[in-house]
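Before any comments, here is the structure.
The values are calculated or read from the model by the stated rules, or taken from the named source; none is laboratory data. Computed from a prediction, not measured in an experiment: that's the story for all the values here. Don't worry about glycine lacking a Cβ; one is built from the backbone with ideal geometry, like all the others, and counts go over all protein chains shown.
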Amino acid sequence: MTANAVLNESAYPPEQHLVDPAGERLVKIIKSSFAPVERKADEMAQHFYAVLFSVAPDTRDLFPVNMQTQRSRLFRALVHLVQMVDRPQELTPFLRQLGKDHRKFGVRDEHFDALGVALRAAVRKFTTVEWTDEVDQAWVQAYEIMARTMQEGAADDDAPAWWAGHVVDHERIDWDTAIIRVQPEPQMQYVPGQYVSIESPHRPRLWRYLSPANAPREDGLVEFHVRVVPDGWVSRALVRRTAPGEVWRLGAPMGNLWVNRNAQRDIVMIAGGTGVAPMCSVIDDLAQRDRQPSVTLFFGGRNADSLYFLPRLRQWEADHPWLTVVPVTEDGSVEGGKTGTLAEIVPAYGGAWHNHDVLVAGSPGMIRATVSRMLVAGTAYDQISYDSFTTE
Ligand SMILES: Cc1cc2nc3c(=O)[nH]c(=O)nc-3n(C[C@H](O)[C@H](O)[C@H](O)COP(=O)(O)OP(=O)(O)OC[C@H]3O[C@@H](n4cnc5c(N)ncnc54)[C@H](O)[C@@H]3O)c2cc1C
Ligand code: HEM
């Protein structure tokens, strides 16, 4: 599973790429030395973990016993992020949050050093580009920027390194979907729309992200929607085996799906599958305010079964006059809904959605397609909010 920026290069507005000439050279070296080995990511990952575990043997316990199940998530995330050093505006806030999140591993400074050594060793072993001092230094520098930003983010936080998540309820919505209610101890502060990484006792050391579907509550209870993905290690266990009484571990909240409350703009939400969970959290938050903007929520999936939360959204729509829910299915199987993909339907329905905040959540492919189509339709980049670093 790779960590991918959701949008490709061309979707970013030009100012997002501004770096000084030295930075540009560094990025060029990183990309050109990595390009020849991109297809060998699995072999490189094996070498990376071998070096890491020999340089810092105590890090082995942080990873799953069977590394195959993990398919080199960390390694793939690393090489991807290193190549994004030319996008500091997006990378810095993400890495700071990631640093806070990594406190749950008990990561120490020497682990960061070991990881840097392992990363360079892996790329060096497989690249066809001559490994000169300049190439080596480019990788050292790019990695150090990331490591330092994460370490600064971690140091600048007095919240717990992780929370114990007591499962209090497991509600099966259908064969593939469950709503799981968890009581974090101590209480967890998060911003509606953020996500957290979780580890279940059924899948030790396999951390996955889930988005709270409610705004922070006085009693601290957090509700998660979990949907099984085909052959999914963790989602299957969460839906089929989780039971009240068990205890998860939760990492620090992350993510940047936000509503600009000062702008007082109306909102369009675009959610694919469990991407509806963070939208529910934002809606729940808005419902508790004195005044609400007008909110249009497009909830999309392949067919009616994918829209597992539609009956409850319909109920919310009836309760909140400011909320409009538009179901979207590819096969047109929801009566009164739209037929097509979210990427097609949303711009066709409202054009560029000027004067709206646009929130997008779902699979990386869905986000990529939707954001690209909205930019083409004339939506300004800074109107759109989505979490750009997701796993695929
Ligand atoms: C920011 C963020 C928030 C998330 N919020 C939620 C949430 O609230 N609820 C929720 O259920 N999930 C959520 N996810 C997805 C979740 O973190 C896991 O990736 C997902 O449950 C699959 O994990 P797994 O271990 O079951 O699958 P894996 O064993 O990791 O993967 C199994 C197979 O499924 C494919 N796959 C993995 N993820 C997906 C996917 N999302 N769609 C389609 N195919 C996939 C893989 O490529 C692989 O082939 C979120 C992900 C991110 C990045
Ligand atoms: C610049 C440094 C680092 C970056 C950019 C980074 C990035 C990431 C990211 C993005 C993930 C999530 C991967 C996913 O879910 O797809 C992850 C997971 C993880 N990271 Fe880090 N990390 C860094 C340093 C470290 C260090 C120093 C350690 C300790 C040895 C560490 C241990 C882990 C572990 C155990 C996981 C979960 C297991 C896994 O997903 O493979 N990371 N890291």
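Flag set for G220, criterion: among the small types (G, A, S), away from ligand 2 (no atom under 16 Å from the Cβ) and not assigned by TED's automatic domain parsing to the domain that holds E90. Of the candidates S32, S54, the single residue that is away from ligand 1 (no atom under 16 Å from the Cβ), surrounded by fewer than 18 Cβ atoms within 10 Å (Cβ to Cβ) and in contact (Cβ under 8 Å) with a residue 40 or more places away in the chain is S32.
Selection of the range 163-198 for residues being part of a strand (DSSP E or B) and among the β-branched types (V, I, T) yields V167, V168, I173, T177, I179, I180, V182, V196, I198.
The condition (being within 13 Å of ligand 1 (Cβ to nearest atom) and over 26 Å from H102 (Cβ atoms)) is satisfied by just one residue among D266, D231, D305: D231. Within the range 91-103, the set of residues being more than 9 Å from ligand 2 (Cβ to nearest atom) and out of contact with any helix residue (DSSP H, G or I) (no Cβ under 8 Å at 6 or more places or on another chain) comprises just one member, P93. Quick check on V229: is it in contact (Cβ under 8 Å) with a residue 12 or more places away in the chain and not polar (S, T, N, Q)? So V229 fails the test.
There is no residue in the range 123-142 that is under 23 Å from M44 (Cα atoms), surrounded by fewer than 19 Cβ atoms within 10 Å (Cβ to Cβ) and near ligand 2 (Cβ under 9 Å from one of its atoms).
Taking each residue of the range 100-129 that is farther than 14 Å from T149 by Cα and looking for partners that are of a type in the set (K, R) and more than 16 Å from ligand 1 (Cβ to nearest atom) with beta-carbon atoms closer than 7 Å, six or more apart or interchain, yields F126/K40. Residue count for the range 199-225 satisfying the condition of being farther than 23 Å from H102 by Cα and either charged (D, E, K, R) or not in a loop (DSSP other than H, G, I, E, B) (or both): 4.
Of all the listed residues (M279, M269), the sole one being under 18 Å from L359 (Cβ atoms) and out of contact with any helix residue (DSSP H, G or I) (no Cβ under 8 Å at 6 or more places or on another chain) is M279.
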